[in-house]
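The values are calculated or read from the model by the stated rules, or taken from the named source; none is laboratory data. Everything numeric here is computed off the predicted structure, so don't read it as measured data. Reconstructed Cβ throughout: ideal geometry from the backbone, glycine too, with neighbour counts over all protein chains shown. Heads up: the accessible areas ignore ligands, DNA and RNA and are worked out on the full protein's heavy atoms, side chains in. Shrake-Rupley method; radii C 1.70, N 1.55, O 1.52, S 1.80 Å.
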Amino acid sequence: QVQLVESGGGLVQPGGSLRLSCAASIGIFSSNTMAWYRQAPGKQRELVAAISGGLSTNYADSVKGRFTISRDNAKKMVYLQMNSLKPEDTAVYYCSVRTGGEGYWGQGTQVTVSY
């Protein structure tokens, strides 16, 4: 049974920062690509960032230079450091992994960027 639990969301002013965390209960963590997605109201869920077992990363163009994804294999944690936040970053952020032919999602954490 794979479980993903996100935390760290909240309300922040434009230009501020937040750090999201995802705790993974998964048999083999270090070799799996972990990803953060987000879904804003009325929009499709989109990939924000991903990190492979070999620590290769990729980012959506909209967050490049502002967001950083990282992982701690010993703790089975994935992080998303979000800086210079914009109102358009407002969304529910989800942690995700695909393993054993199945995709898994956390419950999501709300990020709201507003004055």
Evaluate the following for Gly101: is it at pLDDT below 95, open to solvent by 50 Å² or more (accessible area, probe 1.4 Å) and more than 14 Å from the chain's Cα centre (by Cα)?
yes
Is it the case that the range 46-53 has a residue that's open to solvent by 80 Å² or more (accessible area, probe 1.4 Å) and either out of contact with any Phe, Trp or Tyr (no Cβ under 8 Å at 6 or more places or on another chain) or not polar (S, T, N, Q) (or both)?
no
Pairs returned, first residue in the range 26-45 that is modelled with pLDDT of 95 or more, second residue that is surrounded by 21 or more Cβ atoms within 10 Å (Cβ to Cβ) and part of a loop (DSSP other than H, G, I, E, B), beta-carbon separation under 6 angstrom, 6 or more apart or interchain, are none
Failed item in (1) closer than 23 Å to Phe29 by Cα; (2) open to solvent by 20 Å² or more (accessible area, probe 1.4 Å), with Lys43 passing the rest:
(1)
Which count do you get for residues in the range 59-78 that are within 12 Å of the chain's Cα centre (by Cα) and open to solvent by 40 Å² or more (accessible area, probe 1.4 Å)?
3
In the range 1-37, which residue that is under 20 Å from Leu85 (Cα atoms) and not in a strand (DSSP E or B) is most open to solvent (accessible area, probe 1.4 Å)?
Gln13
